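Everything below concerns the one structure shown next.
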Amino acid sequence: MPGSPTASTAGARARRAITPAGIILLFVAALSAQGCRGGGESAEEQIGRFIDAAVQAAEERSADALGELVHDDYIDQQGRNRKQLALLSHAYFMRHRNIHLFSRIDNIEFLAENQASVSLLVAMAGTVISDVNALASLSARVYRFELQLIKEDDWRLRHASWEPANLGAFD
């Protein structure tokens, strides 16, 4: 029937709908494994290591430790809580066998000693992203994220919002 969504278009819409949230999952997947407890590193270095480790964990599709990495009070722009985010991570990794990310931190602002706001760009593709110049040829999806991190023992993701961005944002 014209105008009514088919199962395949509904499935495609569902996959598109979880992509940004899936990327959030990817960024929290390695926080505790990275060991961001200090050890002489500045808070900026800890957060940078968190992002780098999360990219690596995402590309390895590791979501086992997700529950420990997201703050108990997590909420995203769509109202998802910590439990919903964990469930979404499993679905995301089932649907996406090849995950390759390219990220750039644009800004880290400390709201308090244990609270940070991080603005970053993330490109996502199904093949390796060697550098920023490769993005156009890969049909990569690009998003701008605003993350709110809180540090208790470790940095944890407390809030996330995102919006689509264009490749020019990496310039």
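Computed from the coordinates by the stated procedures, all read-outs in this text should not be read as laboratory data. Note that the coordinates shown come from a computational prediction; the quantities given were computed from them, not determined experimentally. In this analysis, Cβ positions are derived from the backbone assuming ideal geometry, glycine residues included, and neighbour counts consider all displayed protein chains.
What do you get for GluC sites (Glu not before Pro) in segment 112-171 restricted to DSSP loop and a cutoff of at most 12 other Cβ within 10 Å of the site's Cβ?
Loop-located and lightly packed - E113, E152.
Hey, with R₀ at 25 Å, roughly what FRET efficiency would R104 and R61 work out to, going by the Cβ-Cβ distance, to 0.05?
Efficiency computed from Cβ-Cβ geometry: 0.70.
Measure off 7 Å from each Cα along the Cα-to-Cβ vector at D171 and S130, then give the distance between these two points in nanometres to one decimal.
Here the modelled spin labels are 2.3 nm apart.
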